[in-house]
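These notes concern the structure reproduced below.
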Amino acid sequence: MDARKASKKRKAITRDVEEEAGVFSGDELSAEDLDGALSDNNNELSGSEEEDSDSEIELIDDFSDEDDEEDEDELDSDEIPSDTEPETPKLSKSTLTDHEPNFRVVKDANGNDRYLYDEINPDDNSDYSEADENANTIGDIPLTFYDQYPHIGYDINGKKIMRPAKGEALDALLDSIEVPKGWTGLTDPSTGKPLELSQEELELLKKVQMNESTVDGYNPYEPLVESFSSQLEIMPLSAAPEPKRRFVPSKHEAKRVMKIVKAIREGRILPYRPPEEREEKDETLINYDLWADEVPRADHVMHIPAPKLPPPGYEESYHPPPEYLPDKKERKEWEQTDPEDREKEFLPSDFGSLRRVPGYDNFVQEKFERCLDLYLAPRVRRSKLNIDPESLLPKLPSPEELKPFPTTCATVFRGHKGRVRSLNIDPTGIWLATGGDDGTVRVWEILTGRQLWSARLSDEDAVNVVRWRPGKDAVVLAAAAGDDLFLIVPPTIAAPEIEKASLDLLDAGWGYAASNPAPSGADALKKNNPPQWIRPSSELADAGVCAVIPLRYVAKSISWHRRGDYFVTVCSGASTPASVAISIHTVSKHLTQYPFRRRLKGGGPPQTAHFHPSKPILFVANQRSIRGYDLSRQLLVKIVQPGARWISSFDIHPTSSTASGGDNIIVGSYDRRLLWHDLDLSQRPYKTLRYHRKAIRAVKFHPGGRYPLFADASDDGSVQIFHGSVTGDMLSNASIVPLKVLKGHKITGELGVLDIDWHPREAWCVSAGADGTCRLWM
Amino acid sequence: MAKIKKKGTHGQAKNYITRTQAVRKLQISLPDFRRLCIFKGIYPREPRNKKKASKTSTPNTTFYYTKDIQYLLHEPLLAKFREQKALAKKIARSLGRGEVSDAARLEKNHAPKLTLDHVIKERYPTFIDALRDLDDALSLLFLFATLPSSDHVPHKTIALCQRLCHEFQHYLIMTNSLRKSFLSIKGIYYQATIQGQDIMWLVPYRFVQRVNGDVDYRIMATFVDFYTTLLGFVNFRLYSSIGLRYPPKFDTRSDENGAELAAFTLESRNATEGMKTIGSSKSKAIENSKTEVSKDVQAKVDKVIKSAGLDQTEDEPMADKNDEESTDAIDRFEPAAPEADTLPQPDMSGNEAGALFAPFTFYISREAPKAPLEFILRSFGCKRVGWDAVMGDGAFTHDETDPRITHQIVDRPQLPEGSLPAVPAVAEGSTPKVKPGTRIPGRTYVQPQWVWDCINEGKLLRADLYGPGTTLPPHLSPWVKASRGGYDPRASLAEQEAEGEAEIAEEEEEEEEEEEEEDADDSDEEMADESVSKKAAVAEDSEEESVDGGMDVAGTDDDESESDEEEEEEEFPGVDDEAASESEDDDEAARNQHQRELEAEAAGLPFSAGATEESTKKKSTKSKKLAAKKRQEDEELERQKMMMSRKKRKLLEKMMYSNKKTSDEAAKLRSKRRKLEKGDKAAKK
């Protein structure tokens, strides 16, 4: 099939060519013309034909093929066959006449002629690799048999193989066609005209096709000119004769050799010098004193010498005392801990006698680690205090020397339901007043613990604070319950004349209040207007209440002036307006005043206030600071900053400023601190004692200055008693000695001891507990 | 306004430098830096504030002091290291080209030699400084002297270490400056005092050392390089200080025969002086060369001084000498009583040490370690030490039957006669063999520990306690000083117990026992009662016995404490509610007893728990008193703590913690000992 295709292609080309030829040569192509032309052409081309016969064979071959094709495609083109048919006799004639045999005639075995054809050599151009169906199948018969026929045999399909056209005919045909010079058959795409190439251009193309250099006149095969040759020249370059030294032994060398020989003879040069051992001696042997001229030099300040290894202890002995040997538990524990975590790197063991002692496994390891420590471990100088811890403890005077101070619980006052919020001992030291969550105020006899009097001030509100009026001339108790303040003269506890005096004291004010009539209704409604003192209800009046001050806000703190005419109350609730939080009440005039118009600076609402025991100074504490105001000059004179977060209470030393010493204040805070301030020293505390686990609720100096004691009450249920003596000497500071921790109150609802007070004469104190009891400590 | 300081140019950031920075600054490799640090004794520091010192956020960095590194820049060793590096490159190139001989030549002729002399002079400006730092050097060199040679540890190094160690030991022997020694489970500790400096080192027992994988011998070899140089110089100085020639003559042949110490021959620096040899067995008359030498030196010095015309100075040294002698005579602290504490005497002079074993002739049996014994015996004045021939040359005698021998050190168990193998027939001419286990009359047989205990005590101890086969008394470290609150095994238990401790311990034990007993017999009450009462009596007896020595002391203590208690109670009538609760408890106990009595009556049984109740009650009150006292003390402490600042309080608590740790440890040891003593007593009964 391949072959056939190929042949078809070829055929198409030929037809093309024919058509072209037709185009150029015109339609009027006659046999006669052809004949003549052919003959002409033949003559022209004959020379070239003879030059290479191979090409002719080719041609023949080609044409034979073409013939076959034509046979097949006779219907397609009847032109050529019709043209060629009349020619055939002529052609055959010509073939016969100028019989250029493509075979040799050889005698065969029978003496007959045998035609031996040259082997068809398919050229590179040939598409045919082997004989195909177009091969002549007539067998081994002389072609002469077909001389009279137009065909020369049959192909494999039984079709006639037509006798190929002879060269002359074709040549004649071709010659008849006039091909213009430089015809290529291509169309110049730029012009649309047939592309014509000049002779030079064709030459160039040919050279390019042949991979030749396109330069004109270049010859790739120029003859080699040898510049150097192996051939010996007859005449040498230098004609100098060979020097003598080339043939005479060197004297200089002889000299040198003799030198060596002499040296060898003398033994200066050894034929083999053994490797020297010098370095061994030099290196290790010390032969001089390094410290011959030693000059001591102080160590660098930053130098830290490596610590020496500690000497071995008893447990490292090969035969230690038996108590050093580990028991089973210790052994197991040692084995189970990681080697790095072990306290000792070995287990003490007893080998009994020296011969049983084995080698120590980790010896090299330990020495290696020591080496590592020496150069890798960072060194730090740590000062190790090798002192007795006892010496660190402050030398405190023994409590025995500081006696008396309360040590034991002597009396328990039971009666209150719920917490006891506040308590106070009266100036004579006989009665104890308490107020609690149950809204009652009670008065007890201190020594016996017997309740003398009680009154329910309020049904729902707790009694927040109770305070006796100072001074022995009258028995007046101020109590705050809910929004109201009550001034009470407890009936039948004191002597009748004193009771009378106290009633008179309280009654005197009514007249004063009446002479200064109450402000008008509009003014009364104004919030900032001070409240009017009113008479109690009959029920309360029966109970002993003499006057009621409706404060409108809950007062948490009451503090009397030392003369007993004034007392200050503080409403510490966060919702209380700042202007009415602190009020000063005058008993003799039944007058209430609000000294502060604005909120105190320095944090939070006011907590508590106290009058200075001797000067006209009012100390007011808010959450973080305590301020002292001179009431006569109306000036701020002192600011104390204890540094506590939330001050709960404070107290002023009773002998302050009297014994030429400065003011001393103790401050208790909810953040568990008890702070001692020496006001002349600094704003900051002189001593901070943090020794409660919970908030401190109340602090109190022993009144009167008879005993240098103070106490604090804390939510952890304990009361701590301190010795705090203030000397008159300005140079010496107050000495504070903790004396006793009194424990007894039970913690109820996170609260322990809520209030504390001292007996005015004895070293006794009473504490109010959240567990509903009060205790007298003596 | 002050000029803004640039960060990292002042303060800690400048004073400290990280290791990487240091290595970069010096332009050496890390191993070279390590060597340099080891040689120069440079170590990392811990800056006070690591964050300020470091310029990065990397937490684990090693800091060096910048000035240390600055000084290193001009170190000659650094140049040597660079030369070495260059040479290593050349050798590598030669080897790469296959020029082995070239490489060998380079290595041999061009290898830079490190000399550490200047480093030693720099690190130890005076000889005393060097002595002070000798501990680690000796420990490491003595270890290396016993190591087998290997790829990491060349034979040459080991030989050098051995030589240096033996030289040092010879110096100690000559001057009798060894003071103490201790047999631990790690090895043998020695302590010598040279020129007032205490030097302690550890020598391993002679076994093949086990080496774990993570030991880097290169590091140790660097240390050994440095230490050998150091010890060499120290030895030179020491030898020349006593007028001996350094290095001493070394007999290779006798060393090969295992002579060790005896392979060295010490000689005086003066050639005219006769050769003073020690250690060789042949020279029988070994005098106290040290004293002679020192005398010679002294005479010479005197002569020189005279010739120089320094007559006025002459008198002073004489006077000094007299003084010294007199002080020497006085210096001895005699224990007041035979059983009193014997203070360890660190100021034992060389003469005393030299006289300890001087009159004796020792023979070391085969099984005893020869090297340490020989060293110790010689350095404590013994001139004649013999040993079995198999243990090497250099013995005073190899003959066990030598009549001059006064002490023989044996370390073998006592075996019955029959189990010993028969002695083979003695060949003519060889030393007669002694049958193992037999005793030659006229000499003392001791175990090796005797020697150690003697030198630590500074006197000869009873040898019968250390006889062969006997259980030795415990071997105690001579360096442990009795500290307050610590446990001292020398003192008796009663001396160091806190008051009441023994009673409490006993009570606890008894309670345990009683509980057991009660569990055991509920049914037979009378029997139980009897046994309990008996036991109580026994317990009381044993209590008395257990505190046998210090009974009176303990008793007085108890009385005192009781009286104290009473006083205190008087002072605090009903101190607090806890005391009250105690009394309540007592009341309750009484009520309970009454109840039980009633019940017993109702059951018709005689109530006879009186004795036991009494005794237990007595004890319980005692312990209660103790507890009350303790509580009192605690309260006092709390009161005092209240007045301390927080910082001080923390410090105090830390100290109390550490003190408590030691005291706990001591209490543990005491309780162990108490148990052991009790067990012994029971065994005796």
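Things to note:
- Restricted to strands (runs of 3 or more DSSP E) entirely inside region A:111-208, those with at least 3 residues that are modelled with pLDDT of 80 or more are A:113-117, A:151-154, A:160-162.
- Qualifying residue in region A:355-363 (condition: more than 7 Å from chain B (Cβ to nearest Cβ) and open to solvent by less than 40 Å² (accessible area, probe 1.4 Å)): no
- For region B:51-81, residues that are over 17 Å from A:Met302 (Cβ atoms), open to solvent by less than 70 Å² (accessible area, probe 1.4 Å) and in contact with a strand residue (DSSP E or B) (Cβ under 9 Å, 6 or more places away or on another chain) total 2.
- Any hit, region B:186-197, residues being closer than 23 Å to B:Arg237 by Cα, open to solvent by 20 Å² or more (accessible area, probe 1.4 Å) and facing chain A (nearest Cβ under 10 Å): yes
- Among the candidates B:Lys108, B:Lys14, residue that is assigned to a helix (DSSP H, G or I), farther than 22 Å from A:Ala377 by Cβ and touching a residue at least 12 places away in the same chain (Cβ under 8 Å): B:Lys14
- Qualifying positions in region B:82-115 - among the small types (Gly, Ala, Ser) and either surrounded by 14 or more Cβ atoms within 10 Å (Cβ to Cβ) or within 44 Å of the chain's Cα centre (by Cα) (or both): B:Ser94, B:Ala103, B:Ala104, B:Ala111
- Test: residue in region B:54-64 that is among the small types (Gly, Ala, Ser) and at pLDDT below 90: yes
- Residue match in region A:209-226 (condition: modelled with pLDDT of 85 or more, in a helix (DSSP H, G or I) and over 60 Å from the mean Cα position of the chain (by Cα)): yes
- Within region A:721-741, the set of residues being outside any loop (DSSP other than H, G, I, E, B) and either open to solvent by 10 Å² or more (accessible area, probe 1.4 Å) or aliphatic (A, V, I, L, M) (or both) comprises A:Ile721, A:His723, A:Ser725, A:Ser735, A:Ile736, A:Val737, A:Leu739, A:Lys740, A:Val741.
- Of all residue pairs spaced 6 or more apart or on separate chains, those with beta-carbon atoms under 7 Å, a first member in region B:657-671 that is at the interface with another protein chain (Cβ under 10 Å from one of its Cβ atoms) and a second member that is among the hydrophobic types (A, V, I, L, M, F, W, C) and part of a helix (DSSP H, G or I) are B:Arg670/B:Leu493; B:Ser671/B:Ala505.
- A:Asp350 vs. criteria out of contact with any strand residue (DSSP E or B) (no Cβ under 8 Å at 6 or more places or on another chain) and under 22 Å from B:Arg674 (Cα atoms): yes
- Any hit, region B:247-254, residues being facing another protein chain (nearest Cβ under 9 Å), surrounded by fewer than 20 Cβ atoms within 10 Å (Cβ to Cβ), of a type outside the set (S, T, N, Q) and in contact with a Pro (Cβ under 9 Å, 6 or more places away or on another chain): no
- The set of residues in region B:169-185 that are away from chain A (no Cβ under 11 Å) and charged (D, E, K, R) contains only B:Arg179.
- Residue ID - surrounded by the most Cβ atoms within 10 Å (Cβ to Cβ), chosen from residues in region B:199-227 that are polar (S, T, N, Q) and within 7 Å of another protein chain (Cβ to nearest Cβ): B:Gln209
- Evaluating A:Leu392 against the criteria (1) closer than 30 Å to B:Thr222 by Cβ; (2) within 47 Å of the chain's Cα centre (by Cα); (3) of a type outside the set (S, T, N, Q) leaves one unmet condition, (1).
- Positions within region A:505-559 being at pLDDT 80 or above, of a type in the set (Phe, Trp, Tyr) and more than 60 Å from the chain's Cα centre (by Cα), in sequence order: A:Trp510, A:Trp533
- Enumeration of residues in region B:151-192 that are part of a loop (DSSP other than H, G, I, E, B) and not basic (Lys, Arg): B:Asp151, B:His152, B:Val153, B:Pro154, B:Asn176, B:Ser177, B:Ile185
- Unmet requirement for B:Arg163, which otherwise passes all of (1) touching a strand residue (DSSP E or B) at 6+ places or on another chain (Cβ under 8 Å); (2) open to solvent by less than 30 Å² (accessible area, probe 1.4 Å); (3) closer than 22 Å to B:Arg245 by Cβ: (2)
- Selection status of A:Ser349, of a type in the set (Gly, Ala, Ser) and within 7 Å of another protein chain (Cβ to nearest Cβ): yes
- Strands (runs of 3 or more DSSP E) contained entirely in region A:333-451, each with at least 2 residues that are within 30 Å of A:Glu762 (Cβ to Cβ) and among the β-branched types (Val, Ile, Thr): A:409-414, A:420-425, A:440-445
- Once region B:400-417 is narrowed to residues that are surrounded by 18 or more Cβ atoms within 10 Å (Cβ to Cβ) and assigned to a loop (DSSP other than H, G, I, E, B), the residue that is modelled with the lowest pLDDT is B:Glu400.
- Only listed residue being in a strand (DSSP E or B), of a type in the set (Val, Ile, Thr), surrounded by fewer than 21 Cβ atoms within 10 Å (Cβ to Cβ) and touching a strand residue (DSSP E or B) at 6+ places or on another chain (Cβ under 7 Å), chosen from A:Ile549, A:Ile639, A:Ile558: A:Ile639
- Top-ranked residue of region A:742-775 - restricted to ones that are among the acidic types (Asp, Glu) and surrounded by fewer than 20 Cβ atoms within 10 Å (Cβ to Cβ), ranked as nearest to A:Gly705 (Cα to Cα): A:Glu762
- Complete set of residues in region A:155-175 that are in contact (Cβ under 8 Å) with a residue 24 or more places away in the chain, open to solvent by 30 Å² or more (accessible area, probe 1.4 Å) and not hydrophobic (A, V, I, L, M, F, W, C): A:Asn157, A:Lys159, A:Lys160, A:Arg163, A:Lys166, A:Glu168, A:Asp175
- Single match in A:Tyr318, A:Tyr288 (criterion: within 11 Å of chain B (Cβ to nearest Cβ), more than 30 Å from A:Lys367 (Cα to Cα) and open to solvent by less than 100 Å² (accessible area, probe 1.4 Å)): A:Tyr288
- Among the residues of region B:116-133, those that are more than 7 Å from every other protein chain (Cβ to nearest Cβ) and either among the aliphatic types (A, V, I, L, M) or open to solvent by 40 Å² or more (accessible area, probe 1.4 Å) (or both) comprise B:Leu116, B:His118, B:Val119, B:Glu122, B:Arg123, B:Ile128, B:Ala130, B:Leu131, B:Arg132, B:Asp133.
- Subset of region A:398-428 that is of a type outside the set (A, V, I, L, M) and open to solvent by less than 10 Å² (accessible area, probe 1.4 Å) - its residue that is farthest from A:Gln720 (Cα to Cα): A:Asp426
The values are calculated or read from the model by the stated rules, or taken from the named source; none is laboratory data. Note that the coordinates shown come from a computational prediction; the quantities given were computed from them, not determined experimentally. Cβ coordinates were reconstructed from backbone atoms using ideal geometry, including for glycine residues, and neighbour counts include every protein chain displayed. Note: accessible area is taken over every heavy atom of the protein model, side chains too, but ligands, DNA and RNA are not part of it. Shrake-Rupley method; radii C 1.70, N 1.55, O 1.52, S 1.80 Å.
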